[in-house]
Amino acid sequence: MFSRHNQIEEDKYVLLGDEAPIPTELHPIVEVNKNILLEKAAEIDIDVIITEGLRPFEKQDELYNQGRSTQGNIVTYSKAGESFHNYGLAFDYAIKNANGGIEWDIDYDGNHNGQSDWFEVAEIAKELGFEWGGDWRQFKDYPHLQMTFGLSIPMLQEGYRLAEDKNKMTNFFCNERHDLIVMPFCLLNT
């Protein structure tokens, strides 16, 4: 029931209940900002690769079972339907090194500016409105970026989705510096 959620945000969401479709791709706003992130990282000589975007429920359960009922390390504490990946609101990234391989060392400084490329990308992402898994207190998830728009997992499970009213979205998706207005399309003020 929506009453347990912030009433101020109510007009930004629509309750579709059981009729709420499970996305088949990243939300358009997440997709646009992902592409901006890739461009901005490239401008500072960081080659970012997207390792996973939308994650189907079946794949989420496979990852959840890893390190529990199947071989490997535990990589998630979220079952199917409990991850923002499942709703097209999250993706994972990695850094490509000079040899073209994926660099999982979070201290890697491939652009040689004295800063971790992982943390530089995370800062760009946060400016674009993403939440970074590396900031979480427990189970730091450095590759993870999500844009929840104030939606919680319980809300998504109940069938809440973003309203498609562009006027509501315009004000809601400006970053703190107001230099980026994000709707289904992105406008950059230069």
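Nothing in this text is a laboratory measurement; each read-out follows from the coordinates by a stated rule. Remember, it's a predicted structure, so these values are computed and weren't measured experimentally. Counting neighbours? That spans all protein chains shown, and the Cβs are built from the backbone with ideal geometry, glycine included.
Assorted remarks:
- Stretchable slack from Asn99 to Asn35, in nm (0.36 nm times residue separation minus alpha-carbon distance): 20.8 nm
- Highest-first packing order for the peptide set 29-39, 14-24, 146-156 is 29-39, 146-156, 14-24, based on the mean count of other beta carbon atoms within 10 Å.
- Close lysine pairs were tallied over segment 2-165: pairs 8 or more places apart or on different chains with Cα atoms under 27 Å apart number 20.
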